[in-house]
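Notes follow the structure.
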Amino acid sequence: MDAASVLQLQQSYSMLKQQADQLKSQYDAVTRSYGRGASGLSDSIDASSIVPGSWQDVVSQQKSGVYGGRQAAYEKVMNTMSPDSFQDKAQGSNYKMSTDSVRATMAGGESLYDEAQTHLQNFQSLAHQVDSTANVKDAADLQNRMTGELGMAQAAQTKLQALNANLVANQVNESNQATAARTKFFDTPSK
């Protein structure tokens, strides 16, 4: 083999290696993981778990003391009285149900506000990473993570709306109970 043939083979090899490197780079650009999906995700999951999806779970958490510190702070502000101090036990029971509901709603609302703040902070952190994406796959991963964070923030907002709806329902129930008690007292036929 003469020198010209060796030189031509070296050039061909160099060109094939360059093409292989370029193909590997393109392959990595659409298959590699950049860890964007995990960025802030554990904080979001922890924040989301503080207020469960159902009102029954909220009440259960309230009773188990999950909201203890927050409820205690609202108890000081509300300055409630013991349901046993009511002569009418039904009225005392309604009063307790109402104050428990208000405390749970306020503690849950504060927890949801904190959750929303976590999602906002995560979204802002993710938004600052937009210019640092390595390629189309990395940018798509980041966009997907940002969309996930927005979805979790919307879920927190929906939970807050449901919490408020339950508080309104409690207020209506209290009014209904008061109407029933008045009717029972004043409209009872005499014997």
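No value in this document is a laboratory result; all are computed from the given coordinates. All of these numbers come straight from a predicted model, not from anything done at the bench. Here the Cβ is made from the backbone with ideal geometry for all residues, glycine too, and neighbour counts use every protein chain on show.
The table for this structure:
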item	result
Positions within segment 124-133 being assigned to a loop (DSSP other than H, G, I, E, B) and either among the polar types (S, T, N, Q) or closer than 14 Å to Gly35 by Cα (or both), in sequence order	Gln129, Thr133
Breaking point among (1) over 30 Å from Ser39 (Cβ atoms); (2) surrounded by 20 or more Cβ atoms within 10 Å (Cβ to Cβ), for Gly108	(1)
Scan of segment 116-161 for residues that are among the hydroxyl-bearing types (Ser, Thr, Tyr) and out of contact with any Asp or Glu (no Cβ under 7 Å at 6 or more places or on another chain), ordered by number	Ser125, Ser132, Thr133, Thr147, Thr158
Which listed residue, of Asp46, Asp21, is out of contact with any Lys or Arg (no Cβ under 7 Å at 6 or more places or on another chain), surrounded by 10 or more Cβ atoms within 10 Å (Cβ to Cβ) and within 27 Å of Lys159 (Cα to Cα)	Asp46
Subset of segment 151-191 that is among the small types (Gly, Ala, Ser) and within 13 Å of Tyr113 (Cα to Cα) - its residue that is surrounded by the fewest Cβ atoms within 10 Å (Cβ to Cβ)	Ala155
Matching residues, segment 134-150, being closer than 12 Å to Arg32 by Cβ and crowded, with 16+ Cβ neighbours inside 10 Å	Lys137, Asp138, Asp141
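One line per residue, one yes/no per condition, for (1) among the aromatic types (Phe, Trp, Tyr); (2) surrounded by fewer than 17 Cβ atoms within 10 Å (Cβ to Cβ):
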position	(1), (2)
Tyr74	yes, no
Phe86	yes, yes
Arg103	no, no
Val130	no, yes
